[in-house]
Amino acid sequence: MEDADLPTPVTPAALAALVASHREFLSYVERRVGDRAVAEEVLQAALVKSLDHVGEIRESATGWFYRVLRHAIIDHQRRQAARERGLAALASEPEAPADDPALHNVVCKCVGRIADTLKPEYADALRRIDIDGTPVKAYASEAGISATNAGVRVFRAREALRKQVARSCGTCAEHDCLDCTCGAPG
């Protein structure tokens, strides 16, 4: 192996240059993601991730890190786009009629009791959207939040409820609670 193939050790001066450029890096990311808090998260993640590769730098440390940031921003934007597509699909999901007796007979009787143990905003979202049949956009307007935030809230509420039902009902929950006895008096 030739000496030219060996990674050049990063000097303390190069690391100091990266640290000193923090504000410029943050500004660079913020201009591209449009939100300071998100920019700080992207920058932090890029810094942590780059620590494993800092010994591989063969050029200007600052130039190298801008390239790392560019890739981190692209990754963030891809994740954000996928999240938005998922939430849009959830928001456009057809709502079940609130007064469908067959639906209420299939649902485990203990689910209502368990839903009340969730965070109040989760319980409210489930009650309004899944039980009352309120469309996600209408619920968002009532709650004073964006439709995207409402979609996230109901998704997280459903996940939290699923976990609580599994803890409470055990195997009954794994079999769709069609013959539930866990909420019946013993």
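The values are calculated or read from the model by the stated rules, or taken from the named source; none is laboratory data. Please read all numbers here as calculations on a predicted model, not as lab measurements. All Cβ positions, glycine included, derive from the backbone under ideal geometry; neighbour counts span all protein chains shown.
Structure notes:
- Among the candidates 74, 57, residue that is among the hydrophobic types (A, V, I, L, M, F, W, C) and modelled with pLDDT of 85 or more: 74
- Selection from segment 25-39 of residues that are surrounded by 11 or more Cβ atoms within 10 Å (Cβ to Cβ) and assigned to a helix (DSSP H, G or I): 25, 26, 27, 28, 29, 30, 32, 33, 36, 38, 39
Yes or no, residue by residue, for (1) among the small types (Gly, Ala, Ser); (2) not in a helix (DSSP H, G or I):
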| site | (1), (2) |
| --- | --- |
| 19 | no, no |
| 42 | no, no |
| 50 | yes, no |
| 59 | no, yes |
| 73 | no, no |
| 78 | no, no |
| 82 | yes, no |
| 86 | yes, no |
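- Boolean, residue 103 is in a helix (DSSP H, G or I), at pLDDT below 85 and surrounded by 13 or more Cβ atoms within 10 Å (Cβ to Cβ): yes
- Qualifying residue in segment 143-159 (condition: modelled with pLDDT of 85 or more, at positive phi and either among the charged types (D, E, K, R) or out of contact with any strand residue (DSSP E or B) (no Cβ under 9 Å at 6 or more places or on another chain) (or both)): yes
- Residue 137, sole failed condition from (1) outside any helix (DSSP H, G or I); (2) modelled with pLDDT of 70 or more; (3) surrounded by fewer than 18 Cβ atoms within 10 Å (Cβ to Cβ): (1)
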